[in-house]
1. Consider only pairs whose beta carbons are under 7 Å apart and that are at least six residues apart or on different chains; among these, list those whose first residue lies in region A:226-238 and is closer than 25 Å to B:Arg63 by Cα and whose second residue is among the acidic types (Asp, Glu) and open to solvent by 10 Å² or more (accessible area, probe 1.4 Å).
2. Under 9 Å between Cβ atoms, which residue pairs at least 6 apart in sequence (or on different chains) link something in region A:361-376 that is farther than 23 Å from A:Arg350 by Cα with a partner that is surrounded by 15 or more Cβ atoms within 10 Å (Cβ to Cβ) and of a type in the set (Phe, Trp, Tyr)?
3. Quick one: how many residues across region A:91-132 are part of a loop (DSSP other than H, G, I, E, B), crowded, with 24+ Cβ neighbours inside 10 Å and either out of contact with any helix residue (DSSP H, G or I) (no Cβ under 9 Å at 6 or more places or on another chain) or among the aliphatic types (A, V, I, L, M) (or both)?
4. Could you grab me the full set of residues in region A:144-157 that are under 16 Å from the mean Cα position of the chain (by Cα) and either open to solvent by 10 Å² or more (accessible area, probe 1.4 Å) or touching a residue at least 40 places away in the same chain (Cβ under 8 Å) (or both)?
5. Can you report the number of residues in region A:448-479 which are under 13 Å from A:Thr406 (Cβ atoms) and either open to solvent by 20 Å² or more (accessible area, probe 1.4 Å) or without any contact (Cβ under 8 Å) to a residue 12 or more places away in the chain (or both)?
6. For region A:292-307, which positions are more than 25 Å from the chain's Cα centre (by Cα) and open to solvent by less than 20 Å² (accessible area, probe 1.4 Å)?
7. Might you check whether a residue that is hydrophobic (A, V, I, L, M, F, W, C), more than 14 Å from chain B (Cβ to nearest Cβ) and under 19 Å from the mean Cα position of the chain (by Cα) occurs anywhere in region A:462-482?
Amino acid sequence: MSQLTDMTLAQMRDGLRAKTFSAHDLAEAHLTEMEASRILNAFLVETGDKALAMARESDKHLEAGTARPLEGIPLGIKDLFCVKDVPTTAGSHILEGFSPPYESTVTQNLWHDGAVCLGKLNMDEFAMGSSNETSYFGPVKNPWRRAGSNQDLVPGGSSGGSAAAVAAKLVPGATGTDTGGSIRQPAAVTGIVGVKPTYGRCSRWGVVAFASSLDQAGPLARTVQDCAIMLKSMAGHDPKDSTSLKVDVPDFEAAMTGDVKGLRIGVPKEYRVDNMPEEIDALWQQGIEWLKAAGAEIVDVTLPHTKYALPAYYIVAPAEASSNLARYDGVRYGLREAGTDITELYENSRAAGFGHEVQRRVMIGTYVLSAGYYDAYYLQAQKVRTLIKRDFDEAWATCDAILTPTTPGPAFAIGEKADDPLEMYLNDIFTVTANMSGLPAISIPGGVTKDGLPLGLQLIGKALDEETLFRVGGVIEEAAQFTAQPDVWWR
Amino acid sequence: MSVDQDTVRRIAKLSRIAIKEEQVEPMTGELNGILAWVEQLREVNTDGVPPLTSVVEAKLSMREDVITDGGIPKDVTRNAPETEDGFFVVPKVME
């Protein structure tokens with residue numbers, strides 16, 4: 001059945017409709033891969049029985065000719081999304097055993113469109129990390145390794161389980177969330193496509209909150225088209241999320257015309273950072289050449305406040321996290337550690353339940369919001385955010401989308417950057433601007449390093465203009481002909 | 001701005017995270033590393049710049065002020081570590 005799992009999501013959709021195979025066959029093939037690949041640690045919960053039951057339901061629809069857009073397509077769900085009656089931990093000890101009595105809107109949308117749930121995917125604890133190493137349930141291994149090496153590499157983060165599962169073909173697509181780069185960065189270092197939509201495109205309801213003004217759900221899949229198909233089902237207005245936008249969801253797949261003639265692509269000089277590896281710069285140049293050859297016009301743009309995006313992020317995100325994570329108190333759900341009084345119960349539960357990175361961020365957030373420091377840190381960071389957004393607004397006067405590398409380097413070894421938080425934070429240097437400004441962005445595999453590790457190109461678009469990203473992304477994908485595959489060592 | 005060890009103890013208290021004495025010094029170093037790095041934001045001139053409140057221009061939508069949910073105490077308390085008769089149980093708060 002291995003050929004079933006090799007297909008793209010779009011090919012699966014077509015094969016199901018043509019009755020070449022059943023949704024049950026497809027679910028079983030993926031469950032077999034999932035069970036054989038546990039060494040990757042990509043899944044936290046496997047929902048095999050649920051998957052087969054949903055697949056049988058899909059087969060009825062396919063038989064009756066009432067197939068929905070994602071009928072019978074098996075998907076993995078990042079463990080930040082609540083799936084009713086399925087354990088949801090957000091990668092944290094403090095939520096171990098939590099079983100939500102409700103369904104997140106994004107997953108509800110997917111099931112409503114006929115998708116099949118294979119399980120919950122590992123992630124950095126509360127989505128705080130860029131390597132999946134902060135998960136209480138252990139790091140995820142990247143299916144990719146350096147040529148000739150057996151060393152385990154990180155899959156990026158925080159949607160590391162999602163990225164690894166898609167790259168290893170345990171699932172054709174997975175949900176992710178992106179607060180500072182958590183969809184695009186893991187997609188880039190595992191050789192797949194990831195999309196962070198415009199803030200407000202997907203509902204945050206039922207998604208464990210990290211930094212509410214930045215969090216946005218999106219798809220990870222092996223092709224641009226597959227991401228377009230998934231996003232169409234995930235997105236849409238939801239009255240239960242007041243920041244969810246009341247706008248129509250376009251047909252993203254139809255936007256992939258293959259034609260970028262006359263489109264203006266901005267190249268921001270500020271993304272050419274110090275010590276940028278030569279391979280990253282070379283890939284960027286290659287991306288520019290591909291788009292030029294396809295008839296796009298390349299224009300230089302300037303985004304002067306780029307360098308301030310990451311430090312501002314590390315004020316805004318921890319501040320919002322410290323507030324969001326106040327709910328984990330050892331009383332209403334999750335881990336509880338005894339204390340002589342209520343305060344000590346809170347303190348002991350949170351000390352035992354949160355990992356080190358989460359504790360550090362909650363404390364930074366508490367500090368920058370505390371009396372006397374609010375203006376100097378949080379307010380200043382929010383003002384800087386306005387300037388970052390204005391940079392983009394000005395750039396849109398001369399270009400339709402912006403091309404940059406996705407990450408400053410390829411996947412690194414497990415443990416390599418774990419000791420230095422600042423070095424870890426720099427992984428998000430190119431992705432975080434889109435979160436700070438709320439703009440949509442996509443990462444597309446562009447090529448491999450001399451060691452054979454994948455690298456990604458990022459496109460940032462205007463607010464609510466994901467269609468241009470899919471259109472240009474499709475052209476980059478076509479030009480890149482990224483056919484490299486990791487050697488299968490994990491099963 | 002940097003923090004000293006007393007400040008770190010105070011932040012831990014405000015964060016409701018028990019911190020062991022031997023963790024105070026390394027945590028002070030880590031927080032100061034991050035705070036020194038974000039310090040660069042001070043060089044940005046933000047005179048007359050409003051803080052960003054909404055990334056996409058949108059009016060917060062209003063809904064009718066009616067009850068849409070409720071009557072599900074079992075669901076609300078089912079994940080709690082300790083409950084009694086549909087209530088959450090905590091250590092005694094008042095004498």
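The values are calculated or read from the model by the stated rules, or taken from the named source; none is laboratory data. Everything numeric here is computed off the predicted structure, so don't read it as measured data. Cβ placement follows ideal geometry from the backbone for every residue including glycine, while neighbour counts extend to all protein chains displayed. SASA here: full protein model, heavy atoms, side chains in, ligands and nucleic acids out. Shrake-Rupley method; radii C 1.70, N 1.55, O 1.52, S 1.80 Å.
1. A:Ser233/A:Asp113
2. A:Tyr373/A:Tyr367
3. Qualifying residue count for the region: 4.
4. Restricting attention to region A:144-157, the residues satisfying the condition of being under 16 Å from the mean Cα position of the chain (by Cα) are A:154-157.
A:Val154, A:Pro155, A:Gly156 - these are the residues of region A:144-157 that are under 16 Å from the mean Cα position of the chain (by Cα) and either open to solvent by 10 Å² or more (accessible area, probe 1.4 Å) or touching a residue at least 40 places away in the same chain (Cβ under 8 Å) (or both).
5. Total meeting the criteria: 0.
6. Here is the first cut: in region A:292-307, the residues more than 25 Å from the chain's Cα centre (by Cα) are A:292-302, A:304.
Answer for region A:292-307, where residues must be more than 25 Å from the chain's Cα centre (by Cα) and open to solvent by less than 20 Å² (accessible area, probe 1.4 Å): A:Ala296, A:Val301.
7. Yes: region A:462-482 contains one or more residues that are hydrophobic (A, V, I, L, M, F, W, C), more than 14 Å from chain B (Cβ to nearest Cβ) and under 19 Å from the mean Cα position of the chain (by Cα).
A quick yes/no check of all residues on (1) among the small types (Gly, Ala, Ser); (2) surrounded by fewer than 21 Cβ atoms within 10 Å (Cβ to Cβ); (3) outside any strand (DSSP E or B):
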site: A:Glu279; (1), (2), (3): no, yes, yes
site: A:Ala282; (1), (2), (3): yes, yes, yes
site: A:Leu310; (1), (2), (3): no, no, yes
site: A:Val316; (1), (2), (3): no, no, yes
site: A:Ser323; (1), (2), (3): yes, yes, yes
